[in-house]
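I have placed the structure first, in the form of structure tokens, so that the comments after it can refer back to it.
Every number in this text was worked out from the coordinates using simple rules, so none of it is lab data. Quantities reported herein were computed from a predicted structural model and do not represent experimental measurements. Glycine gets a Cβ as well: all are built from the backbone with ideal geometry, and neighbour counts include every protein chain shown.
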Amino acid sequence: MSPRILIFGRTPNFLSAAEAAFAAEGSETELADLECPVEGELQRFAPDLIVLEGGLRRTNTSELLRTVRASRTHGGLPILVVGGELDELERIVAFELGADDVLSGPLSRRELILRANAILKRVRSNVAPGSLDRGAIEIGALHIADGGLRATLNETSLALTALEGRLLYALALHCDRVRPRDELIRTVWNGHYPKESRTLDTHIRRLRRKLGWGGRAIETLRGVGYRLRSEALALEANETRAAFQAGRDGSP
């Protein structure tokens, strides 16, 4: 089945070049202006991947990223940001706001397709062969299924991107064990790790934020890697259940 690519842009040259590149590969494409109602486009076209013309200093570009990531229905859609000469700050902001990958420099149709295919492959398989399985994991109030595609905390669904889900699953699969940075990168990014050295740290920070109180269970071991602590999740889960039961019983 051909992937469906929704391309958001502000310049006709970018929109036409990106559309031609994906059409040549047999993908279904839809073009949209950055000012259009985002939720309406997502609902109508139901894309597999969003390609967004970069320039994160522009309010409408960064706002579109925020809108997609805040969506309960479409918050997990992969996003590829493509720009001309994006500076380091713009690339970092793109990852901070939820981009799965960033392609900077003069538009190369071949690299655009390769980056897009790499993202789609990660989303569809959601595992790196031999490194992750797809079994469900339960740690305290945290439940993860389908290799990270679905996750809940205290029975509340988490709006995670594909990469965030893979990262959480990789940590949970070896709970209480330190996962070295290089090991996480190989497992989660399948060898397609962006050049920006802060990408892993950025995704960990976003994952902690989305986990809320559960984010405290992700421990940083500086210069080594990260660890998901089951004790922290179990303790918080017990406190949450106790508070809930106290409320039902009318206890103080």
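Taking other C-beta atoms within 10 Å as the exposure proxy, H143, H174 rank H174, H143 from fewest upward.
May I ask you to derive the FRET efficiency for S16 and R66 from their Cβ-Cβ distance with R0 = 30 Å, giving the value to the nearest 0.05? In this case the efficiency is close to 0.65. Taking each residue as 0.36 nm, the span from H174 to T156 lengthens on full extension beyond its C-alpha to C-alpha distance by 4.2 nm. Footprinting exposure proxy ranking of D182, D146, fewest other C-beta atoms within 10 angstrom first, gives D182, D146. Each residue of the range 29-40 was assigned a 3J(HN,Hα) from its phi angle through the Karplus expression (A = 6.51, B = -1.76, C = 1.60, θ = phi - 60°), giving 10, 9, 9, 8, 7, 4, 8, 6, x, 5, 4, x Hz with x at Gly and Pro.
If a spin label sat at a point 7 angstrom from the Cα of R44 along the line to its beta carbon, the backbone N atoms of the range 14-35 nearer than 12 Å would be those of 30-33.
Taking loop as defined by DSSP and a crowding limit of 12 other beta carbons within 10 Å, which GluC sites (Glu not before Pro) in the range 53-103 fit? Numbers along the way, then the final one.
Details: sites: E53, E63, E85, E88, E90, E96; in loops: E85.
Taking the range 53-103 and a limit of 12 other Cβ atoms within 10 Å, the loop GluC sites (Glu not before Pro) found are E85.
Residues whose amide H comes within less than 5 Å of that of T29, counting only those at least five positions distant or on another chain, are I5 (H built at 1.01 Å from N in the peptide plane). Simple spin-label estimate for I113 and R216 gives 5.1 nm between the two label positions (7 Å along the Cα-to-Cβ direction from each Cα).
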